[in-house]
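One structure is given below, encoded as structure tokens.
Computed from the coordinates by the stated procedures, all read-outs in this text should not be read as laboratory data. What you see is a predicted model; the values in this text were computed from it and never measured. Cβ coordinates were reconstructed from backbone atoms using ideal geometry, including for glycine residues, and neighbour counts include every protein chain displayed.
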Amino acid sequence: MNYYTVGKIVNTHGIRGEVKVIATTDFSEERFVIGNKLYLFLPQQSQPLELIIKSHRKHKQFEMLSFDGYDNINLVEKFKQCELKISEEQQASLPEDEYYYHEIIGLNVLDEQQKEIGTIKEILSPGANDVWVVKRKGKKDLLLPAIKDVIKSIDIEKGEVVVEVLEGLDD
């Protein structure tokens with residue numbers, strides 16, 4: 001089964017088992033609903049720990065969560081720096097022309113003449129739009145803004161993205 005990260009536990013909060021989470025999902029309001037199931041991956045554990053959300057609140061930039069059966073700081077201390085994930089079945093379907101990061105990473109990048117440029121190795125989210133990092137053979141990585149002027153088509157089935165490398169992007 002595939003799992004996808006929705007947050008990272010960065011610290012505990014108080015003595016009643018609450019944890020501070022930095023969300024890595026665009027859907028935190030849906031992911032952190034009381035009663036939802038999350039999976040925690042502890043170091044040196046082959047199977048994830050299944051957790052049910054007992055409480056959720058926002059505090060500054062953090063999602064504050066507690067879990068059923070974990071009502072003491074001593075029980076959640078070992079969760080620090082661990083990732084919270086959801087299973088593949090828990091992913092909501094997206095509107096047309098919207099994609100999860102894991103669907104984009106690994107796609108082959110072609111220019112409009114079908115010449116191969118490289119492979120998308122990661123996605124950065126620095127501000128107004130995402131930036132796709134394209135690994136190229138024998139050259140430094142190419143940074144492509146994920147905007148309509150650059151990204152011409154995405155074909156998940158074929159594993160390809162067709163792009164127009166605008167002047168100034170490949171310097």
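Could you look through the range 128-167, keep only residues that are of a type in the set (Gly, Ala, Ser) and either under 13 Å from residue 109 (Cβ atoms) or touching a residue at least 60 places away in the same chain (Cβ under 8 Å) (or both), and pick out the one that is surrounded by the most Cβ atoms within 10 Å (Cβ to Cβ)?
Going through the range 128-167, the residues of a type in the set (Gly, Ala, Ser) turn out to be 128, 138, 146, 153, 159.
In the following step, the residues that additionally are either under 13 Å from residue 109 (Cβ atoms) or touching a residue at least 60 places away in the same chain (Cβ under 8 Å) (or both) were identified as 146, 153, 159.
Numbers: 146: 18, 153: 12, 159: 10.
Per the criteria, the residue is 146.
Quick check on my filter: what residues within the range 24-80 are in a helix (DSSP H, G or I) and within 17 Å of the chain's Cα centre (by Cα)? Passing the criteria: 28, 29, 30, 31. Please determine, by comparing only the residues of the range 1-32 that are in contact with a strand residue (DSSP E or B) (Cβ under 7 Å, 6 or more places away or on another chain) and aliphatic (A, V, I, L, M), which one is surrounded by the most Cβ atoms within 10 Å (Cβ to Cβ). Here the residue is 19.
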